Amino acid sequence: MKKTRLLAAATIIVAMLLACEKDNTTSPSISNIHTSDCHTNTDLLAAKDMTTDSIAYSWADDGNTLQVTHYNMMLDCGEQNIATSVERDGNVVTVVEHVGEQGLTDCICFYDNSFTLSSLPQGTFTLRIKVESIFAGTSQQTTVFEGTINHIN
């Protein structure tokens with residue numbers, strides 16, 4: 001009887017440790033990436049002092065996917081298709097929006113980029129959103145958002 005209880009307790013502890021380990025290594029996924037058309041354009045001088053980026057996020061009804069929109073990204077005019085990737089390092093989830101070569105046109109457009117994140121860490125984690133752009137052949141990443149998110153299900 002004691003061996004059965006001890007074996008059951010050990011099995012539960014191992015299962016809990018494996019679940020924790022899995023949560024620490026699970027990679028988040030990104031889907032439903034959508035970039036809007038240009039919704040306002042302006043010349044470079046008018047855009048020089050504008051700071052327009054804003055991030056909005058909310059949990060979907062399922063409680064496991066986070067819907068994120070990056071509003072008013074100032075980018076070169078022209079058709080934009082923003083490649084977006086996600087990675088996890090411990091409790092930090094980093095999304096990178098790859099916007100490509102900038103400085104090729106003489107006007108700026110505002111774009112919204114939205115996406116859905118799933119397989120996120122349980123509990124509290126940091127969401128970091130970066131924009132990667134290329135200017136004169138040099139890649140640069142800028143953090144546009146960093147916040148603490150609670151994911152408790």
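Odds and ends about this structure:
- Among the residues of region 89-107, those identified as in contact with a Lys or Arg (Cβ under 9 Å, 6 or more places away or on another chain) and under 21 Å from residue 34 (Cα atoms) are 93, 94, 95, 96, 97.
- Residue tally, condition among the small types (Gly, Ala, Ser) and modelled with pLDDT under 90, over region 61-103: 4
- With a requirement of 3 or more residues that are more than 16 Å from the chain's Cα centre (by Cα) and surrounded by fewer than 16 Cβ atoms within 10 Å (Cβ to Cβ), the strands (runs of 3 or more DSSP E) lying completely within region 76-148 that satisfy it span 123-135.
- Candidate set: region 120-146, residues that are in contact (Cβ under 8 Å) with a residue 24 or more places away in the chain and in contact with a Lys or Arg (Cβ under 9 Å, 6 or more places away or on another chain); chosen: the one nearest to residue 100 (Cα to Cα): 141
The values are calculated or read from the model by the stated rules, or taken from the named source; none is laboratory data. Remember, it's a predicted structure, so these values are computed and weren't measured experimentally. Cβ sites come from the backbone with ideal geometry, for glycine too, and all protein chains shown count toward neighbours.
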